[in-house]
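Everything below concerns the one structure shown next.
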Amino acid sequence: PPDHVPGTWRFSASSEQNLPNADKTEMGCPISSVIDEVSLAAAIDQAADCIVITGIDGAIQYVNPAYTAMTGYTPGEVLGKNPRLHKSGRHSPEFYRELWDTIRSGRRWRGELTNRRKNGTLYQEEMQITPVRNTRGEIEHFIAIKQDVARRRRDEEVIRSALDFAQSTIDALSS
């Protein structure tokens, strides 16, 4: 569209004439309750989790600010590029083939992987990729929602250490 700004994501709500029931969305919600495009775009931009939207070819079309905070890459550095720029070398080609086969078949993929930030450091992320279908049911985009799991792993380690210490103390007192 002529008013589309490169590097931004346009959201489109379904038009009433495409709906099976003119006063309802495809999900059965009253049209008046559907979030407007501006609010949806703001919510995605302000999400705490990293959000990446790609085309079916894998080219990055949108990243939110959480992506920049997690990876160090700005939108201008990654738009049009493939997410493989984050590859750490820690996963096999079969791993990526299975991921792509899953999402291209229309199924959701979820897993953890090690990726590389712009500064070269590695990080663990939990990611879910969901195919996004157009009104004809064809996959048009993929949306990935990601979280850096380092903090959670550190917290888990602190809890494990505390439990080990508590057990050692109980064992020592019991002897």
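A compact table of results
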| item | result |
| --- | --- |
| Unit charges on C-beta of K, R, D, E only; dipole of the range 24-175, Debye | 400 debye |
| Proximal aspartates and glutamates relative to K118, as straight alpha-carbon distance under 19 Å, when same-chain residues fewer than 8 apart are discounted | D49, E77, E126, D148 |
| More than 19 angstrom apart: percent of Cα pairs within the range 74-152 | 43 percent |
| Mean separation of Cα contacts under 8 Å (6+ apart) over length of the range 106-175, as relative contact order % | 22 percent |
| Local electrostatic count at P93 - Lys and Arg +1, Asp and Glu -1, tallied over other residues with Cβ under 13 Å | +1 |
| Inter-label distance for T121 and S92, nm, one decimal - labels placed 7 Å from Cα along Cα-to-Cβ | 3.1 nm |
| Label-point gap, in nm, between E77 and A42 - each point 7 angstrom along Cα→Cβ | 2.9 nm |
| P(r) tail fraction, the range 37-169 - alpha-carbon pairs more than 21 Å apart, % | 47 percent |
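Taken together, the values in this text are just the output of simple stated rules run on the coordinates, not laboratory data. Note that the structure is a prediction, hence the values are computed from the model and not measured. Please note: Cβ atoms are built from the backbone with ideal geometry, for glycine as well, and neighbour counts cover all protein chains shown.
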